[in-house]
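What follows is a set of notes on a single structure, which appears directly below.
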Amino acid sequence: MVNQRALSICLASAELAPLAKTGGLADVCSALAAWLHRTGHDVRVLIPRYSRIDESGIAIEPVKELADMRLRLGSREQTFAIDRATLPGTDLPIYLLRCPEFYHRPGIYTQDDDEHLRFLLLQRAAIEMCQRMKFAPDIFHCHDWQTSLIPLYLRSTYAWDKLFAKTRTVLTIHNIGYQGMFPAYVLPELQLTGAEHHLHQDDLKNGVINFLKTGVMYADLITTVSPTYSREILGDDYGMGLNHLLRARVDSVVGILNGVDYDEWNPETDPLIPQNYTPANIRGKVTCKKALMREMGLEYAKQRPLAGLISRLVGQKGIDLIQNVVPTLLRSRDFALVVLGSGEPRYENFFSELQRHFPGRVCYYRGFSNKLAHWIEAGSDIFLMPSLYEPCGLNQMYSLKYGTVPIVRETGGLADSVQQIDPDKKSGTGILFRDYNEAGLAWAMNMALDLYDRRPLWRKIVANGMAMDYSWERQGGRYVELFRQLSNEQ
Ligand code: ADP
């Protein structure tokens, strides 16, 4: 008989939407935690109280038993406190790690010398928070390298504490490209007294400590954010050096596609877009397109499709392909392009130049804007995501909901969430290209532009996409199943 009692879960993360976000990690942690809380589980979420968090409208209260905390990090003693609040738009209680010395910096992540300490503190504070609250989690849910030492800490530095006797650890890898690698001389600051031998010894000999790798070695279960990515990272091309370790633990590696928070990303109810619309009546989408193009200085024409791109501008996202394909295509075909994102200067410069060369047809907004992201999802006809690799990707799923046809490379979560269009059967939701090269992207974009001219077919494809359901109601259940299996295995 399956035990159906509510689970106790401690979730520690560097990001949580909408408070602190650079990418999908933030969306996933907040939506998953809010869903778990809504369905009756006891979830305690801890994130750093970054100075860039917009605290207006949030009631943040100190917690008596979590004030005046201190931890030894090598030769320094670090003082901190943990405050409580409610995640905006939900009734999920959250905990904020207050340590201005570490978290009052311009960004969530830094290149500073003490970057490892900023996230060592987060991880140990999460454990010590549980101790002070006498909260015995069934599951410690860790996310990416910033919290992936927790499994080892629970087996070593904190192994004495019976509070965690039944705690099992789950490490979710959102992106294996970021591993948190630091020089081995930071070892004393980890405070792994007597347990240093648990670290990867070859790495130590080579002068490196790899946080994510340590998590892969010691988490009871490793999940990643799509079934395809969970297979890809076992191989040389995508495993980024962790593939051998992952292969050795293949029975403990599971892929669960991320869910979408349809409370935030739904054209029927979205308060940020110029006009709401539904699958049954999508006229409002044209209003959104006109408003977006006007706002961005693009020339609207009835037959001119608008392609959108929202992305961190880094190599992973396939911007190289766009560089090599889009300028030529803009000369030969009639479409407009709106780009939102920031990142590597070479890509930012490329889009600025593209805008200069194609006034009225290309607009680039450099920076981060949640409102513009919503406008682009609603106002575009086509969405570009030609990623080199993509653990899950969220924007393609948002696009489907907003009736914006995604062009994606067949990798990771993109392959798991977009179905290839078959014009004869009028089936499918988007266009996938297999090989990461210019010919692939050019083929896909030409196909989209051709299909756009076949309006009844296009409308059917749009309707197919809008009917897809990637809600957390579906995906969250998979996590709960796994959490239950883990905690019943004991
Ligand atoms: P990743 O986590 O690799 O950046 P995802 O597709 O999983 O990619 O998630 C990206 C999330 O970040 C989406 O919610 C997307 O809308 C958002 N996003 C990315 N760049 C920007 C930006 N410049 N402005 C607003 N939102 C952005």
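Against the condition within 16 Å of the ligand (Cβ to nearest atom) and either of a type in the set (F, W, Y) or open to solvent by 30 Å² or more (accessible area, probe 1.4 Å) (or both), how does R312 come out, does it pass?
Numbers: within 16 Å of the ligand (Cβ to nearest atom): yes; either of a type in the set (F, W, Y) or open to solvent by 30 Å² or more (accessible area, probe 1.4 Å) (or both): yes.
Yes, satisfied.
Each row is one residue, and each column tells you yes or no for (1) surrounded by 17 or more Cβ atoms within 10 Å (Cβ to Cβ); (2) in contact with a Leu (Cβ under 9 Å, 6 or more places away or on another chain).
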| residue | (1), (2) |
| --- | --- |
| L97 | yes, yes |
| H104 | no, no |
| L117 | yes, yes |
| L120 | yes, yes |
| A126 | yes, yes |
| F135 | no, yes |
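Within region 143-162, being out of contact with any Phe, Trp or Tyr (no Cβ under 8 Å at 6 or more places or on another chain) and either farther than 22 Å from T193 by Cα or open to solvent by 10 Å² or more (accessible area, probe 1.4 Å) (or both) holds for H143, S156, T157, A159, W160, D161, K162. The residues of region 171-189 that are of a type in the set (F, W, Y) and more than 16 Å from the ligand (Cβ to nearest atom), listed by number, are F182, Y185.
Listed by position, the helices (runs of 4 or more DSSP H) enclosed by region 242-332 that each have at least 3 residues that are in contact (Cβ under 8 Å) with a residue 40 or more places away in the chain are 283-295, 319-332.
Here region 190-241 is the region considered, the condition is being surrounded by 15 or more Cβ atoms within 10 Å (Cβ to Cβ) and at positive phi, and the residue that is farthest from the ligand (Cβ to nearest atom) is Q191. Just for region 403-449: of the residues that are among the aromatic types (F, W, Y) and in contact (Cβ under 8 Å) with a residue 24 or more places away in the chain, which one is farthest from V286 (Cα to Cα)? Ranking the qualifying residues of region 403-449, first place goes to Y436. Restricting region 10-30 to residues that are near the ligand (Cβ under 8 Å from one of its atoms) and charged (D, E, K, R), the residue that is nearest to the chain's Cα centre (by Cα) is D27. Annotation: of all residues in region 330-346 being away from the ligand (no atom under 12 Å from the Cβ) and over 24 Å from K401 (Cα atoms), the one that is surrounded by the most Cβ atoms within 10 Å (Cβ to Cβ) is L330.
The values are calculated or read from the model by the stated rules, or taken from the named source; none is laboratory data. If you're wondering where the values come from, they're calculated on a predicted model, not measured in any experiment. Quick reminder, even Gly has a Cβ in these numbers, built from the backbone with ideal geometry, and neighbours come from all protein chains shown. Surface areas here come from the heavy atoms of the whole protein model, side chains and all, with no ligands, DNA or RNA. Shrake-Rupley method; radii C 1.70, N 1.55, O 1.52, S 1.80 Å.
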